[in-house]
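Since every read-out is calculated from the coordinates, none of them should be taken as a lab result. Computed from a predicted structure; not experimentally measured. Every residue, glycine among them, receives a Cβ derived from its backbone with ideal geometry; neighbour counts consider all protein chains shown.
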Amino acid sequence: MLSLFLTGFHVNAQDRILSGEVKDETGLALPGVNIKIKGTNTGTITNFEGKFKLAVDENEVVIFSFMGFEQQEIEVGTKDVLNVVLKESTELLSEIVVVGYGTQKKENLTGAVGVVTPDKDVGNQAVTNTESLLQGRIAGVQLTQSGGKPGAGAEITIRGNGTLNDSSPLVLIDGVPGSMQDILPSDIESISVLKDAASASIYGTRAANGVILVTTKSGEATEKIKVNYNGYAGLQKATVLPDFLDSWDYMTLKNEANMNAGRTPIYSDEEIAIARDGSDPYRYGNTDWADETFKDGAFFMNHQLSLSQKVGKTQYLASLGYLDQRGIMYGTSAERINYRINLKSDLGKGFKFGTNFFGAIKKSEESADTDDQGVMRLIANSSPLVPVFNQDGSWGSASGNPYEINTKNPVFYATEASRQYNNSNKMTINPYLEFNPVKGLTFKTNFSYSFTQGFNKAHKYNFQLTDNDGNDSDIIRVQNSLQDIGNTYETIQWENTANYNKKFGKHNINLLAGTTMNSYAHKWTRVRVTDLPSNDLTEIGSGTNPIVAGTFNESRLLSLFGRFQYNYDDRYLIEANIRQDGSSKFPQDNRFALFPALSAGWIFSNEAFLSGAEFLSFGKFRANWGQLGNDKIGYYPYSQTYTPTDGYPFDGSTITNGGLAVTDLANPDIKWETTTSYGVGADFGFWDDMLTVTADYFVKDTDDILLKLPIPGATGVGTPAFQNAGRVKNTGWELAVNHYNKVGNSGFEYNIGFNVTNIKNEIIDMQGETQYINNRQVNMEGQPIGSFYGYNNTGIYRTAEDLEKYPYIDGQTPQLGDLIYEDINGDGVIDDQDRTIIGNPNPEYMYGINIGMAYKGFDLKLFFQGVQNVDIYSSATGHHSGSGNNLMNWTTDWMDRWTPENPNAEFPRLGNVNNEQTSSFWVEDASYLRLKNVELGYNFNENVCRKLKIQQLRIYANSTNPLTWSQIDHWDPERYARQSRNEAYPQTTTLTFGTNIIF
């Protein structure tokens, strides 16, 4: 067999010999390329130098095919020498996919794995957070961004939230635990998302919420150094900002609310007239605090440079990236430096050594005033009558009305009232050694060490603001403060695996066995001082009254795992996984748990009875079942802790010496949360995979969820112990369709695809208890996690008949214009017994749409992303009924509130506290469709590049979030469910221009 591979083989010799060589687009020889005369079994393969010889006839067609490359068919004609260049394949089903501890052909997968290849699928999307590359691109993956604040992260959920605790997935970068924020998009070769137990069970306890495998690029296989630069710069602005009332309308509504609430009007008619005509802008101005606090055109830039080469038997890739992002809110910014070195060396005699060294240095700056919910709340809570600056240039904090001498100027608080500096430095080193003693057998030892040091400094200055006449206002901070917080994280992982692959006849088996040891440690310290002699002093030793706190936590995980894969004739596929994990987070009797998985596939398109179905290029059915664990429950909840006390009563007197008390109960019998996942799926390819379809149905059932159930108050314990008492179930389906085509020989090609996911989330069991997350969200049996809970609003009291017909809150007398609440239990009174589920923060549908086209160097990419049938709770900040005696403004919608002159208004009358009850009136449909990214680029041709002495030159323009379609007018619909007060930092839309140069 070896001699056949080295020299090429042929059968059924024809009249003459065709010879040549096969290379890829970079000029690298391709050994093992399959070469076959069309319509026959006659063929050969290229040798190690990519060369071949084949006996042919003049009228025959030769087919060249190789995994990962597009198949080519070439007519022989009169050719004696034929040199072929294969292009990388765009066919989805022939991809090589990274899976747990290895790779597989996508067509041989039996589990549910989603893949994103950034260079091909994403392009040059301007992302400041690498996690956002996943949004909308893989069915079953939900990503919600917290906002556009520099350095902000995102929440990722895979196939629904399966626990009432931490639901974040495991992220592995080249097998090492990490964060996608620590890596450059340009360094990523591929991202694989393991969505079911069949594909993820090899990671056991860490995989209950799914696994994200990030594979970075390797060094070039050529001795010529390759230099790749990708850089862009652009501007940002908010996708949407709230449109608040002008000051004179604000004054009118504020008076109306006060009178309805039985309070005295604040503003006179003369004051309202002054505000309207603008004759005294420093006392009765018209400040739009949203426009003043945020800026259009916040600059940011990103530069990425990589070097790649093969030196002798060593390949390396070195990269460096720099991001500088000015925030759209004044006073916010972030910088990040990413670095990476990947080395891989052939030591000979079957040994290979490699190491990955990478890290990230991050800095960000923002306001330290978060005790009043920060600047975002102040934007709506500050009177529009107050100017940003007084006439003398000092900060504004009061209007001409004595009621408004306490306006917290949002711009001042964003920029000068305080500063918070967040710094982190993360470094990871990952050496590994491989040994191949015989063909098909590979031993690998893989060690990694990660260390992160974080340091946050929050400095609040003392100050006194004044009104326009120089008089002191109520905006004062007498005592300054300085706080330093330090965090260190240390992660060690050591894995050892043995992998054996053997093919005999039509049988192909793969065996994997391994061990893993993980160690985690986290140290937290905090020091706070006050009364610094000067705001210019920035060291903790400059203050007095120190408050010191600190913690240290650590855990260990020891695992054994194995996998068996069997493939018969590329038709019948079986895979079995098993893993045993032991975690120090659990008591000794329940420390170890076993997690099995089984999956199977049938590639029916390779059956003989379908050999004539030319339209069907691929078809496969899949089925899977497996179990996973979850240990993201904090540290040692089984171990009892004791809290020092200042004193306690005893025998009618008080013991002042203090002691220790049990305030948090422990449970020595807790065990693992277990997720049982099962499902079926199908993959289809039509017309040589020009059209591909993937469909899945899945169930994810998590049992023994750790809950803290209520205990009698007589125990004297404030916090109950964890118990394995909950169960959550997710059911759903996924569909992904992609089409790719080249239009004849015109040079025009295009692709279009979409994916859609439907998920139903339900809490099955909580031992009959209801968990109140906050004043508007609950966890309740039979309902989705985090459901909104309150009164069901059925309308507004508009007539006297309505006042007689509908019941009202016990002890209250409604008036025309107030909200009507449904009497759920029919007892004629609205009380706590009438509260019900009023909204679902979990989207019913998630989808993504991608469109691409290219023609003679030009290319255009469009990507849409959206969610459907998802609710948010939107109240308080800018959206309220004016019952509070404060300075909060309204959005312009509230001009259509109920008054005697406007009885058919959309919004209720102002000033009634009962209209502020948690109810469905404040629940909004947050469904949206967003043009997430659009890119227009041009690749210069070879002649231009040759003149410039470079390999490749591309220029492009890119925009993220340029368009959003939503029923929500004043805020971006994408936010966390817990962000109910409309105070999330706005999402951003960007416009960038960049270039990609390869030397």
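What is the packing order of peptides 260-272, 103-115, taking the mean over residues of other C-beta atoms within 10 Å and listing the highest first?
Final packing ranking: 103-115, 260-272.
Compute for the range 164-211: radius of gyration divided by Kirkwood radius, i.e. Rg/Rh, restricted to C-alpha atoms, rounded to two decimals.
We get a ratio of 0.98 for the range 164-211.
Please work out whether the range 718-836 counts as rounded, prolate or oblate from its C-alpha gyration tensor, where a ≥ b ≥ c are the square roots of the eigenvalues and a/c under 1.5 means rounded, while otherwise a/b larger than b/c means prolate and anything else oblate? Display every interim value, and only then the final one.
Values: a/c = 4.34, a/b = 1.70, b/c = 2.55.
Oblate.
Using the eigenvalues of the Cα gyration tensor, what equivalent ellipsoid semi-axes result for the range 92-216 when each is taken as the square root of five times the eigenvalue, whole Å, largest first?
For the range 92-216, the ellipsoid semi-axes come out as 21, 19, 13 Å.
Which one, 97, 639, 157, projects farthest toward the positive side of the charge dipole computed for the chain from Cβ point charges (K/R +1, D/E -1)?
97
Which of 303, 459 comes first, and how do the rest follow, when ranked by fewest Cβ neighbours within 10 Å?
Final ranking by Cβ density, sparse to dense: 303, 459.
At a Förster distance of 25 Å, what's the computed FRET efficiency of residue 536 paired with residue 479, Cβ-Cβ distance as r, to 0.05?
Efficiency for this residue pair is about 0.95.
Can you run the Rg to Rh ratio on the chain? Use alpha carbon positions and the Kirkwood inverse-distance Rh.
Value, to two decimals: 1.01.
Checking the table 195/362; 149/426; 254/805; 444/620; 503/700 against a 28 Å threshold on Cα-Cα, which pairs fail?
Those over the limit are 195/362; 254/805; 444/620; 503/700.
Residue by residue through the range 285-290, which ³J(HN,Hα) values in whole Hz follow from phi under the Karplus form 6.51 cos²θ - 1.76 cosθ + 1.60 (θ = phi - 60°), with glycine and proline marked x?
x, 9, 8, 8, 5, 5
Work out how much length residue 439 to residue 494 would gain on full extension: take 0.36 nm times their residue separation and subtract the Cα-Cα distance, in nm to one decimal.
Numbers: separation 55, 0.36 × 55 = 19.80 nm, distance 2.51 nm.
Taking 0.36 nm per residue and subtracting the Cα distance, the gain is 17.3 nm.
Going by average Cβ density within 10 Å per residue, which order do the peptides 588-595, 168-175 take, highest to lowest?
168-175, 588-595
Can you list residues whose amide H is under 5 Å from residue 840's amide H, if they're 5+ apart or on another chain and H is modeled 1.01 Å from N?
788, 871
Percent of alpha carbon pairs in the range 793-834 separated by more than 17 Å? List each step's numbers first, then the result.
Working: 186 of 861 pairs.
Here the tail beyond 17 Å accounts for 22 percent of pairs.
Around residue 20, which amide H atoms from residues at least 5 apart in sequence, or from another chain, sit under 5 Å from its own amide H, with H modelled in the peptide plane?
When sequence neighbours closer than 5 places are left aside, the close amide H contacts are 52, 82.
Return the ratio Rg/(2.2 N^0.38 Å) for the range 457-601, where Rg is computed over Cα atoms only.
Ratio of Cα Rg to 2.2 N^0.38 Å: 2.03.
For the range 859-934, what percent of Cα pairs sit more than 22 Å apart?
42
Pairs 23/439; 352/439; 23/105; 51/79: which exceed 18 Å Cα-Cα?
The answer is 23/439; 23/105.
Given the range 283-402 reduced to its alpha-carbon atoms as identical point scatterers, what log10 I(q)/I(0) does the Debye formula return at q = 0.19 Å⁻¹?
-1.06
First select every other residue whose beta carbon is under 12 angstrom from the beta carbon of residue 875; then total the charges, Lys and Arg +1, Asp and Glu -1.
Charge balance in the 12 Å sphere: -1.
What does the highest-first list of 288-300, 871-883, 801-813, 837-849 look like by mean Cβ count within 10 Å?
Averaged packing, sorted descending, gives the order 871-883, 837-849, 288-300, 801-813.
Using the Cα centre of the range 512-668 as origin and beta-carbon charges of +1 (Lys, Arg) and -1 (Asp, Glu), tell me which of 612, 599, 574 is placed farthest towards the positive end of the dipole.
The residue sitting farthest along the positive end of the dipole is 612.
Short version: ³J(HN,Hα) in whole Hz for each residue of the range 195-204, in order, from phi by Karplus 6.51 cos²θ - 1.76 cosθ + 1.60 (θ = phi - 60°), x for Gly and Pro, what are they?
9, 10, 5, 4, 8, 9, 5, 5, 9, x
Evaluate the Debye formula for the range 347-459 with equal point scatterers sitting on the alpha carbons, no solvent, and hand back log10 of I(q)/I(0) at q = 0.15 Å⁻¹, in q order, two decimals.
-0.79
Mind giving me the FRET efficiency for residue 291 and residue 969? R0 is 25 Å, r the Cβ-Cβ distance, nearest 0.05 is fine.
About 0.95, to the nearest 0.05.
Given H placed 1.01 Å from N in the peptide plane, which residues other than close sequence neighbours of residue 835 have an amide H under 5 Å from its amide H?
none
If R₀ is 60 angstrom, what is the calculated FRET efficiency for the pair residue 606 and residue 455, using the beta carbon separation as r and rounding to 0.05?
So, using R0 = 60 Å, E works out to roughly 0.55.
At residue 580 and residue 59, where each label point lies 7 Å from the Cα along Cα→Cβ, what is the point-to-point distance in nanometres?
In this crude label model, residue 580 to residue 59 measures out at 6.8 nm.
Share of antiparallel DSSP beta bridges in the chain, in percent to the nearest 5?
95
Just to check I understand the Karplus step: with θ = phi - 60° and J = 6.51 cos²θ - 1.76 cosθ + 1.60, what whole-Hz values come out for the range 919-930, glycine and proline as x?
8, 5, 4, 8, 8, 10, 6, 9, 4, 7, 10, 10
If the only charges are +1 at each Lys and Arg Cβ and -1 at each Asp and Glu Cβ, what is the size of the charge dipole of the chain around the Cα centre, to the nearest 20 debye?
Working: 83 positive and 117 negative charges, 1035 e Å.
It comes to approximately 4980 debye.
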